[in-house]
Each structure stands twice: as structure tokens, then as C-alpha cells.
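Right, one structure below, let's go through it.
The values are calculated or read from the model by the stated rules, or taken from the named source; none is laboratory data. Because the structure is a prediction, the values reported are computed rather than measured. Using ideal geometry, Cβ is built from the backbone for each residue, glycine included, and neighbour counts are taken over all protein chains shown.
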Amino acid sequence: MIFLGVLVADSAAEAVFAVFICTLGLIIAHIINYVLGKYGWYRLLVKFGMKDAIEQSKNKLEKRGPIAIPLSYWLPSVGALTNTAAGIIHMPFKKFLLYSVASSVFWYSVVGLIVYSLGDSALEIGGGGTGNAYVFIIIGIWMLGILIFDYRERKTESISNVISPKQ
């Protein structure tokens with residue numbers, strides 16, 4: 001929605017307004033997902049085959065803490081799982097809201113700025129053709145960063161377990 005809203009904007013002010021409205025809508029969606037997790041309605045998602053994805057998000061959130069929220073908001077569908085997991089583990093709502101709003105404003109503004117800067121060229125990148133190579137490169141770099149971060153974290157945990165094993 002941000003992508004399209006910015007592309008159809010006739011001015012910078014309209015583009016900012018489109019990003020604002022879309023961000024507000026996504027924040028509301030994040031809050032709804034949190035409530036789904038907190039009050040057990042996520043069981044509906046489990047019935048639709050989302051159990052493994054929710055469990056993975058829950059484990060990452062428990063492991064990384066609230067920093068998992070900004071790490072997942074680069075893609076709203078991944079963020080939705082993190083929101084649900086935050087509700088499941090009963091993360092304090094104020095903390096969730098703070099991280100959620102800050103992450104939403106950051107990521108969705110970045111998307112809006114990139115699309116506005118690229119103009120109609122953004123259609124090629126987002127719509128296929130040779131632009132897909134750029135998208136795959138960016139996603140590949142992001143995934144590599146996450147894998148390196150995960151590897152270092154597991155290595156640190158295994159070293160600390162050797163030094164002071166859990167009883």
C-alpha cells in the first residue's frame with residue numbers, strides 16, 4: 001500500500017500523507033495481532049497452518065527480546081507473526097507499542113522514501129523484470145546478516161555453556 005500510495009502521489013506532501021495513513025493502518029494491524037496472541041485467538045491462525053511460523057517467531061522473541069520487533073518489521077507479514085508472538089508471551093503492552101510504533105515509522109518511512117526517490121523506476125524493481133535482481137540482492141544481504149548474527153549468538157551461547165554449564 002505504501003508503494004502504491006507514494007507512486008500515485010502528485011507531490012511530496014501527498015507522498016508523506018500516504019506513508020502516514022498506511023503506517024497508521026499497519027500499526028492498528030500490529031495491535032490487532034498482539035491482541036490475537038494475548039487472548040488466545042491465535043489458535044485460529046494455527047488452524048490455518050501457521051503453527052510453526054508462530055512458534056518460530058515466539059522463540060525468536062523470547063530469545064532476542066523486544067529487539068525482534070524492529071528486526072521483523074522490514075516485511076509486514078513477518079512483523080505480524082512477531083506481534084502475535086508478543087501477545088502470546090504477554091509482553092507488556094506499553095513496551096510492545098513503543099517498539100512497534102518506532103519500528104513502523106522507521107521501516108515504512110524508509111520504504112516511502114526509497115519509492116519516492118526512485119519514482120516510476122520503482123515499478124520495474126517491484127514489478128519484475130531486471131529490477132527483481134536488486135530485490136533479491138537486498139533480501140540476500142539481509143538474510144546473510146541475520147544468519148551471521150544467529151551464528152555468532154549460538155557460538156557465544158555454546159562457549160558460555162562450556163564455561164558454566166547449566167545445572
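So how many residues does the range 30-54 have that are outside any helix (DSSP H, G or I) and either touching a residue at least 24 places away in the same chain (Cβ under 8 Å) or of a type in the set (Ser, Thr, Tyr) (or both)? Steps first, answer last, please.
Of the residues in the range 30-54, the ones outside any helix (DSSP H, G or I) are 39-42, 48-50.
Filter again for either touching a residue at least 24 places away in the same chain (Cβ under 8 Å) or of a type in the set (Ser, Thr, Tyr) (or both), leaving 39, 42, 50.
Residues that pass the stated criteria total 3.
Here is a check on your reading of the model: is residue 112 crowded, with 16+ Cβ neighbours inside 10 Å, under 16 Å from residue 6 (Cβ atoms) and modelled with pLDDT of 80 or more?
On the way: crowded, with 16+ Cβ neighbours inside 10 Å: yes; under 16 Å from residue 6 (Cβ atoms): yes; modelled with pLDDT of 80 or more: yes.
Against the criterion (crowded, with 16+ Cβ neighbours inside 10 Å, under 16 Å from residue 6 (Cβ atoms) and modelled with pLDDT of 80 or more), residue 112 qualifies.
Kindly evaluate residue 125 against the criterion of being surrounded by 12 or more Cβ atoms within 10 Å (Cβ to Cβ) and modelled with pLDDT under 70. Don't jump to the end; show me each part of the working.
Numbers: surrounded by 12 or more Cβ atoms within 10 Å (Cβ to Cβ): yes; modelled with pLDDT under 70: yes.
So residue 125 fits the description; yes.
Just name the residue that is surrounded by the most Cβ atoms within 10 Å (Cβ to Cβ) out of those in the range 84-101 that are without any contact (Cβ under 8 Å) to a residue 60 or more places away in the chain and within 15 Å of residue 23 (Cα to Cα).
In the first step, residues of the range 84-101 are kept if they are without any contact (Cβ under 8 Å) to a residue 60 or more places away in the chain; the result is 84-95, 98-99.
Of the ones still in play, those that are also within 15 Å of residue 23 (Cα to Cα) are 98-99.
Working: 98: 13, 99: 21.
Only one residue fits best here, namely 99.
Tell me, yes or no, whether the range 59-75 has at least one residue that is part of a helix (DSSP H, G or I), touching a Leu at 6+ places or on another chain (Cβ under 6 Å) and under 22 Å from residue 153 (Cβ atoms). So that I can check it myself, show each step before the final result.
Pass one, the range 59-75, residues part of a helix (DSSP H, G or I): 59-72.
Going one step further and asking which of them are touching a Leu at 6+ places or on another chain (Cβ under 6 Å), we end up with 68.
Those left that are additionally under 22 Å from residue 153 (Cβ atoms): 68.
Yes, the range 59-75 contains at least one residue that is part of a helix (DSSP H, G or I), touching a Leu at 6+ places or on another chain (Cβ under 6 Å) and under 22 Å from residue 153 (Cβ atoms).
Within the range 6-29, work out how many residues are touching a residue at least 60 places away in the same chain (Cβ under 8 Å), more than 19 Å from the chain's Cα centre (by Cα) and assigned to a helix (DSSP H, G or I). Steps first, answer last, please.
Initially, the range 6-29 is screened for residues touching a residue at least 60 places away in the same chain (Cβ under 8 Å), giving 6-7, 9, 12, 15-16, 18-19, 22-23, 26-27.
Add one more test, that the residue is more than 19 Å from the chain's Cα centre (by Cα), and what stays is 6-7, 9, 12, 15-16, 18.
This time we only want the ones that are assigned to a helix (DSSP H, G or I), so: 6-7, 12, 15-16, 18.
Going through the range 6-29 one residue at a time, the tally reaches 6.
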